[in-house]
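These notes are about the structure you will find just below.
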4 protein chains.
Amino acid sequence: MKIGLIGLGKMGGNMATRLIRAGHEIVGFDLSEENRQKATEHGAQVVSSLDDLVAALPERKVVWVMVPHGKPTDSTLEALLEKLSENDIVIDGGNSNYQDSMRRGEIFKAKGMFFIDSGTSGGIWGLEEGYCLMIGGDTEAVVHVSPVFADLAPNPKGWLHVGPTGSGHFVKMVHNGIEYGMMQAYAEGLELMRAKEEFGLNLANITELWRHGSVVRSWLLDLTAEYLKNDPELKELSDYVSDSGEGRWTVIDSIQEGVPAPVITLSVQMRLRSQQDQSYAGKVLSAMRNAFGGHAVKKVSDE
Amino acid sequence: MKIGLIGLGKMGGNMATRLIRAGHEIVGFDLSEENRQKATEHGAQVVSSLDDLVAALPERKVVWVMVPHGKPTDSTLEALLEKLSENDIVIDGGNSNYQDSMRRGEIFKAKGMFFIDSGTSGGIWGLEEGYCLMIGGDTEAVVHVSPVFADLAPNPKGWLHVGPTGSGHFVKMVHNGIEYGMMQAYAEGLELMRAKEEFGLNLANITELWRHGSVVRSWLLDLTAEYLKNDPELKELSDYVSDSGEGRWTVIDSIQEGVPAPVITLSVQMRLRSQQDQSYAGKVLSAMRNAFGGHAVKKVSDE
Amino acid sequence: MKIGLIGLGKMGGNMATRLIRAGHEIVGFDLSEENRQKATEHGAQVVSSLDDLVAALPERKVVWVMVPHGKPTDSTLEALLEKLSENDIVIDGGNSNYQDSMRRGEIFKAKGMFFIDSGTSGGIWGLEEGYCLMIGGDTEAVVHVSPVFADLAPNPKGWLHVGPTGSGHFVKMVHNGIEYGMMQAYAEGLELMRAKEEFGLNLANITELWRHGSVVRSWLLDLTAEYLKNDPELKELSDYVSDSGEGRWTVIDSIQEGVPAPVITLSVQMRLRSQQDQSYAGKVLSAMRNAFGGHAVKKVSDE
Amino acid sequence: MKIGLIGLGKMGGNMATRLIRAGHEIVGFDLSEENRQKATEHGAQVVSSLDDLVAALPERKVVWVMVPHGKPTDSTLEALLEKLSENDIVIDGGNSNYQDSMRRGEIFKAKGMFFIDSGTSGGIWGLEEGYCLMIGGDTEAVVHVSPVFADLAPNPKGWLHVGPTGSGHFVKMVHNGIEYGMMQAYAEGLELMRAKEEFGLNLANITELWRHGSVVRSWLLDLTAEYLKNDPELKELSDYVSDSGEGRWTVIDSIQEGVPAPVITLSVQMRLRSQQDQSYAGKVLSAMRNAFGGHAVKKVSDE
C-alpha cells in the first residue's frame, strides 16, 4: 500500500527501504536534507513538507511517524491532527511513553481518526531481519494497516495486535526493561570472568561457545560475541552507558503498580551511576567514614 | 571411544545415549537399579561396581563422573583415585564448585593422573540439541578426550577448552549466574505486564511474538513462550524457586574479587526470599512501624 | 496564637494537645465524633463544620490541615480556598506529594493567600518529644506561624524553613526514603543473626547493647530494642509490610532526576514483595526451571 | 587490672588511654616507635618485645590484641600461643572474621588457654564516649576480664557477653553490615536532595534539623551534620569509598545461610563500584548498545 512516513533517520529510513523492497509505496518526509536524499536513493518519493505528504496520499490516508519521542512526536502529531481527516490512520512507531499514547489516542478518536501505537524492536538489524512489532489500537484500523506490519516483520509471527491504544508502547517499554536486565546480567558475568586473571579466559571465545547449546544463548549474546571478536578488551569504549527512557519508565510504572522489579530497576540505576562524573553519595560516605573512624579518605587531589 | 560413565540419571543417562548414538562405547554405573536398566535399554554396557567399571575399560582409562556435586562427587573421585592408574583421565561433568575442582586437580596431578572439569549446559534438551561444554584441564588430556566432547556438543563450536583445571567449572558458574539474572529479568517483566489488567495482555502471545525479531529473543524465551501456551496463568506452579549452588557461588566469588555483580546477586536473593515461609526481617519492619508510628500492623492471625 | 486544626486523628489530635499545653488556642474539626470528643477533653474548642472553624478564627486566619494525603487533602484545601480570604495562611502538615504541594501553592498564591507545606516527623512520640518540622513556603508567612512551629518542635533546632513551597514535603519524602533504607538494613541484620542458630544470640540484648556506644545507634534502634524486650520472636506480627507513599515517590523522583538510589529503592521493593500473596514472577521462574532442566518444581498443592 | 595490649595505633592507643584513666595498668607493645612513644606519654608501660610483655604481666596473664585482621593477627596469636601458659587469656579486639576466631578459639582451647573475641565499635570517639563491646568466649574467662570490658564501655549496658567464641566477631560483622546499609541510605537521600537544584536546599541545615525529633536521627546523622557544617559540598573528598572486610563477609555469610540481605549487599556493591576506575561491565553495555542499535557510544577519547 501507499503510506506516508515521517522521520527517515536510522530507524525510519531502514523501514522505508524494507517496505519499498516488499512492494509498498513510501511518501517520505524528514527535516534533514541528507536523510531525504538517502530515502530517495532507496526508492522513496520524498516531499518537502507535511502538506505535500498529506496531499500525496490516497484516500484513507495512513501516516507512520518515526521521530524522537517527546516534543518532536508531539508537534508532528498535532500537525497531522490538523491536516488529516476522519477515518485516517496515524501510527506512532517510535519509543513514546505509553501514557502519552493513550492520551493521544483519545484526541485522535475525538476527531474520528485512528491512532495506532507500534512498539518497534530490532534496531539497525531490522532492515535485513525484520522488525518485531507490538501494536496497540482499534482492531479495524490495525487490520487496515496489516499489510505494512506484515512486511516490516520478519515473519507472520513477528507482529501482533496486543491490545487497545497504548498497549503497544507499554509492551515495548517492558520489553526494553527486560533487555536492560539481560544486558546487565551478561555484563556482570563477563566482568567477573575478566577479573579472574589466573585463568586467562578469552571472553570472545567463551561468548561464542555459549551460543551453541548453552542456556544463556540469545540474540544479545550473538551480538556480544561478534563484537568481542574484534575488540575483546573494549579499549576504545567508555563505560558511560546512556539510557533511552523506557528503562526509567518501566521502573516508575512498576513502582506505581506495586510490582517489585528489582533487577530491571537496578540495571537502570547502574547506568545512572555510570553517567555520574562524581558521586556526591560517595563523597558523603567518605565524609562519614572519616568522621567516625578517622579513616584516611581519598581526596580528589589524590586521583 | 570407550569410556566409563558414573551417574546415569537425568543428565548422565542422556549423555550416555547421545554418545552411544555417535558410536562411542559406554560402560555405565549408577547406584539406582532403575537408572542402570534405562541405560542398558539405550545401549550402554552397565556394571554393578566401580571395580567392574574400571576393569571393563581399555588402557588409558577415561571416566566421566556425572553425580551430584559435594559429597557424592567427593566420594566417587576418591574411589577413582584408588582404582585408576597413572595417565588415566577423570572428567567431572557435574556442577562442582570450581575451587573444589582446582583442589581435586592437584590431587590427581600428584598421582600422575589427569583431572578435567567440564561445565555442562543444556539441561534435558542436551540429548537432542547437544550440550555446551566449558572445559578446564591440561591440554594433552583434553585433546585425548576431544572425540567425546565433540559428539556431546551440538557442533564443533559447542565445546571449548577454556583454561586450566577449575576454569571449566568457573565459566559454568558464571554462566549460571547470568542465567539467573536473565530469568529474573523476564519474570519481572512478565509480572508487570500481567499486573496491567486494563490492557488484558496475553502473555503467551507476547512471548511468542518476541521470539521473532525482538532484542530479547533467546532460548529461555523460547521455552517460556512454549510453557505459557499450555498454562498462561501458571496456576499449578508454586512461586517457591529453588537455587542450585552456582548462583550463590557467583555472588560469593564476585564479592571476594571486589567486582560488583548486583543484578546477578539480587536474582539469587529473590530466590532466597521466595524460599522463606515467614520473613523475620519483615516482622522486624512491622515491629518498627508499630513502634514509631502506632501503625496498625497485620497480625499472623489476620492472614 | 489561635489557629484552626482540621484532622484530629492520631497525628492531628496529638499536635493539638501539644500546642494547647504550650498556651495556644486550637479550633478543631474532624469528621469523626470520637476524635472531636477526645480533642475537647484535651482542651480544644471543637466545631462541627469548616464554616464554623473559619468563623471562630481571628483575622489573618491560620489553618493547619492534618488529613490523609490525596483526595481528603484535596477536598479540604478546595473548601478552604472558598472560605478564606487574602493573606490567610493554610499549612498542609500531612504526607502530601511535594508536586501536589507546589501545584496547590500556585493556586493559593493566585488568590493572594499563603500555602505552607510542613513535612512532619515524629510519629506517636511527637506529643511528648516534639515533632521535627521541614517547612516550605514564603518566608513572611512562615515567620507569622513560627510560634506554632516552635512549640510543636522539640527545641529551637527542631523546625526549619527549608525552602520554597513544596520543598518541605520534598525533604520529608527523602527523609522517609532514608528511613525505609535504615529500617531494611536493621531488619536484614537481625534476620541474619537469628539464622545463626549455633550462637543462640539474644536479639533483644544485642539491640540494647548497640544503643550504647556503637556506630549504629539511632532512635529506630532504641524503639526496636524496646519492642524486642517484650516479644523477641515477634510471633504475633505478620511479615506483610505496608508502605505509605513517600517511599515510592522517592524512588520515582530519583529515577526522574537520574540519581541512583538503589538501597532506598530496594527497601521499597522488599515491602512490595512482602505484600504479594503469590508472586507471578516466582511462578515464571519455576516454569523456566522446569522447562530447561526438567527440575521438579513445587506445586501449589505441595504447600 | 594489669593487662598486656599489643597494637597501640588509632584504636589500641585510645583504648590504652581510656583504661589507664580508669585505673588499670597497661603493658603495651607496638612495632611503631611513634605509637610506643605516644602510649608512654599517656601512661602506659611500653616494652620492646612480646617476650618482655609477657614477662611484665602477673599470673593469669591477660593480653588484648588490637592489630589489623588477617596476617598480623595470625602471627601475633601464634607467638602468644608459644609464650603464654595454661589458663592465660587472649582477647582479639580487632576486626577478625568470626570463622577465624572460631578456629583460633579451638587452638587456644587445645592448649588449655582462653580465647575471647571482642567486636569493638566506636571508632575514634571511643576514647571519650566509650566502646561498644560484643564479646564471645567462655563465661569464666569473660567474667575474669570484665573489669576491663566495663571500663572500656560507655556504661554497664555497653558491653555484653553475646555467646560462644566467634559470636562476638559475628555480631560485630553484622553490626558493620547494618552500618553500611544505613550509611548508603543517608548518602542516597542527601544526593537526591542536592540534585533538586530548584529548591536550593542547605544540606548542613537539614541534617542538623533531622537530629531533633525526626525518625532518622542517629549517631551517624550527628556526625554527618557536623561534617557538612564545615564543608557542605564535600569538595575535597573523593567519591572512592573503601571497604574494610566486614561488609563483604556479611554478604558472603548471608548467601551461605540462605538469608536475603539485599540492602546490605548493595551497599557493599556500590562501594566496590566506586573503587573501579573503569567498569568493564559498562564497556560491555556500550558494546551491546552499539551492536544492536547503532547507538553512538562514548569513546574513552571523548571524556
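The values are calculated or read from the model by the stated rules, or taken from the named source; none is laboratory data. From a predicted model like this one, the values you see are computed outputs, not experimental measurements. Glycine also receives a Cβ, built like all others from the backbone with ideal geometry; neighbour counts cover every protein chain displayed.
Table: residues versus (1) among the charged types (D, E, K, R); (2) free of Cβ contacts under 8 Å to residues at least 60 places away in the same chain; (3) touching a Phe, Trp or Tyr at 6+ places or on another chain (Cβ under 9 Å).
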residue	(1), (2), (3)
A:Gly181	no, no, yes
A:Leu220	no, yes, yes
A:Trp249	no, no, yes
A:Gly258	no, yes, no
A:Ala261	no, no, no
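Would you call C:Glu246 surrounded by fewer than 23 Cβ atoms within 10 Å (Cβ to Cβ), under 23 Å from C:Gly123 (Cβ atoms) and within 24 Å of the chain's Cα centre (by Cα)?
no
Quick check, is B:Leu127 under 20 Å from B:Asn14 (Cβ atoms) and either in contact (Cβ under 8 Å) with a residue 12 or more places away in the chain or touching a Gly at 6+ places or on another chain (Cβ under 8 Å) (or both)?
Criteria met by B:Leu127.
Hey, can you tell me all the residues within segment D:106-136 that are within 12 Å of chain C (Cβ to nearest Cβ) and over 13 Å from D:Met173 (Cα atoms)?
Within segment D:106-136, D:Gly122, D:Gly123, D:Ile124, D:Trp125, D:Gly126, D:Leu127, D:Glu128, D:Glu129, D:Gly130, D:Tyr131, D:Cys132 qualify.
Can you name the residue in segment B:124-154 that is under 19 Å from B:Ile20 (Cα atoms), more than 20 Å from the chain's Cα centre (by Cα) and of a type outside the set (Gly, Ala, Ser) and, of all such residues, is surrounded by the most Cβ atoms within 10 Å (Cβ to Cβ)? Full working, then the answer.
Of all residues in segment B:124-154, those under 19 Å from B:Ile20 (Cα atoms) come to B:124-133, B:144-154.
From what is left, the residues that are more than 20 Å from the chain's Cα centre (by Cα) are B:144-147.
From what is left, the residues that are of a type outside the set (Gly, Ala, Ser) are B:144-145, B:147.
Numbers: B:His144: 17, B:Val145: 20, B:Pro147: 15.
The qualifying residue surrounded by the most Cβ atoms within 10 Å (Cβ to Cβ) is B:Val145.
Mind checking whether some residue in segment B:241-250 is within 23 Å of A:Met183 (Cα to Cα), among the hydrophobic types (A, V, I, L, M, F, W, C) and either assigned to a helix (DSSP H, G or I) or away from chain C (no Cβ under 12 Å) (or both)?
yes
Got a sec? Which of C:Glu257, C:Glu233 is surrounded by fewer than 20 Cβ atoms within 10 Å (Cβ to Cβ) and facing another protein chain (nearest Cβ under 7 Å)?
Working: C:Glu233 fails: facing another protein chain (nearest Cβ under 7 Å).
Only one candidate passes the filter, namely C:Glu257.
Quickly run through segment D:215-236 and pick out the residues that are in contact with a Ser or Thr (Cβ under 8 Å, 6 or more places away or on another chain) and part of a loop (DSSP other than H, G, I, E, B). Give the derivation first.
Filtering segment D:215-236 for residues in contact with a Ser or Thr (Cβ under 8 Å, 6 or more places away or on another chain) gives D:215-221, D:224-225, D:228, D:234, D:236.
The answer is D:Val215, D:Val216, D:Arg217, D:Leu234, D:Glu236.
Need the failing condition index for C:His212 against (1) at the interface with chain D (Cβ under 7 Å from one of its Cβ atoms); (2) surrounded by fewer than 24 Cβ atoms within 10 Å (Cβ to Cβ); (3) not in a loop (DSSP other than H, G, I, E, B), just the number.
(3)
Would you call C:Asn202 in contact with a Pro (Cβ under 8 Å, 6 or more places away or on another chain), among the polar types (S, T, N, Q) and facing another protein chain (nearest Cβ under 8 Å)?
Answer is yes for this residue.
Could you tell me whether segment C:125-145 includes any residue that is of a type outside the set (S, T, N, Q) and at positive phi? Outline the logic, then answer.
Step one: of segment C:125-145, the residues of a type outside the set (S, T, N, Q) are C:125-138, C:140-145.
Checking the rest, the ones that are also at positive phi come to C:130, C:137.
Yes - at least one qualifying residue is present in segment C:125-145.
From the list B:Gly245, B:Gly213, B:Gly181, pick out the single residue that is farther than 19 Å from C:Lys299 by Cβ and at pLDDT below 95.
Only one candidate qualifies: B:Gly245.
Under 7 Å between Cβ atoms, which residue pairs at least 6 apart in sequence (or on different chains) link something in segment A:268-289 that is touching a residue at least 60 places away in the same chain (Cβ under 8 Å) and more than 7 Å from chain D (Cβ to nearest Cβ) with a partner that is polar (S, T, N, Q) and assigned to a helix (DSSP H, G or I)?
These pairs meet every condition: A:Met270/A:Gln184.
Quick one: would you say C:Leu19 is within 18 Å of C:Val148 (Cβ to Cβ), under 23 Å from the mean Cα position of the chain (by Cα), at pLDDT 95 or above and not hydroxyl-bearing (Ser, Thr, Tyr)? Outline the logic, then answer.
Numbers: within 18 Å of C:Val148 (Cβ to Cβ): yes; under 23 Å from the mean Cα position of the chain (by Cα): yes; at pLDDT 95 or above: yes; not hydroxyl-bearing (Ser, Thr, Tyr): yes.
Judged against the criteria, C:Leu19 is a match.
Which of the residues belonging to segment C:215-225 are of a type outside the set (Gly, Ala, Ser) and more than 7 Å from every other protein chain (Cβ to nearest Cβ)?
Taking segment C:215-225 and keeping what is of a type outside the set (Gly, Ala, Ser), we get C:215-217, C:219-224.
If the condition is that a residue be of a type outside the set (Gly, Ala, Ser) and more than 7 Å from every other protein chain (Cβ to nearest Cβ), then C:Leu221, C:Asp222 are the ones that fit.
Check whether at least one residue in segment C:84-96 is within 14 Å of chain B (Cβ to nearest Cβ), under 22 Å from the mean Cα position of the chain (by Cα) and touching a residue at least 40 places away in the same chain (Cβ under 8 Å), and report yes or no.
From segment C:84-96, those within 14 Å of chain B (Cβ to nearest Cβ) are C:94-95; that's our starting set.
Still in the running and under 22 Å from the mean Cα position of the chain (by Cα): C:94-95.
From what's left, touching a residue at least 40 places away in the same chain (Cβ under 8 Å): C:94-95.
Looking through segment C:84-96, at least one residue is within 14 Å of chain B (Cβ to nearest Cβ), under 22 Å from the mean Cα position of the chain (by Cα) and touching a residue at least 40 places away in the same chain (Cβ under 8 Å).
Would you pick out the residues in segment B:281-293 that are more than 13 Å from C:Leu221 (Cα to Cα) and buried (at least 22 other Cβ atoms within 10 Å of the Cβ)?
Passing the criteria: B:Ala281, B:Gly282, B:Lys283, B:Ser286.
Strands (runs of 3 or more DSSP E) wholly in segment A:1-119 with at least 1 residues that are surrounded by fewer than 19 Cβ atoms within 10 Å (Cβ to Cβ) - which ones?
Qualifying strands (runs of 3 or more DSSP E): A:2-6, A:25-29.
What number of residues in segment B:164-195 are outside any helix (DSSP H, G or I) and either surrounded by 24 or more Cβ atoms within 10 Å (Cβ to Cβ) or more than 7 Å from every other protein chain (Cβ to nearest Cβ) (or both)?
To start, the set of residues in segment B:164-195 that are outside any helix (DSSP H, G or I) comprises B:164-166.
When the remaining residues are screened for being either surrounded by 24 or more Cβ atoms within 10 Å (Cβ to Cβ) or more than 7 Å from every other protein chain (Cβ to nearest Cβ) (or both), the result is B:165-166.
Residues that pass the stated criteria total 2.
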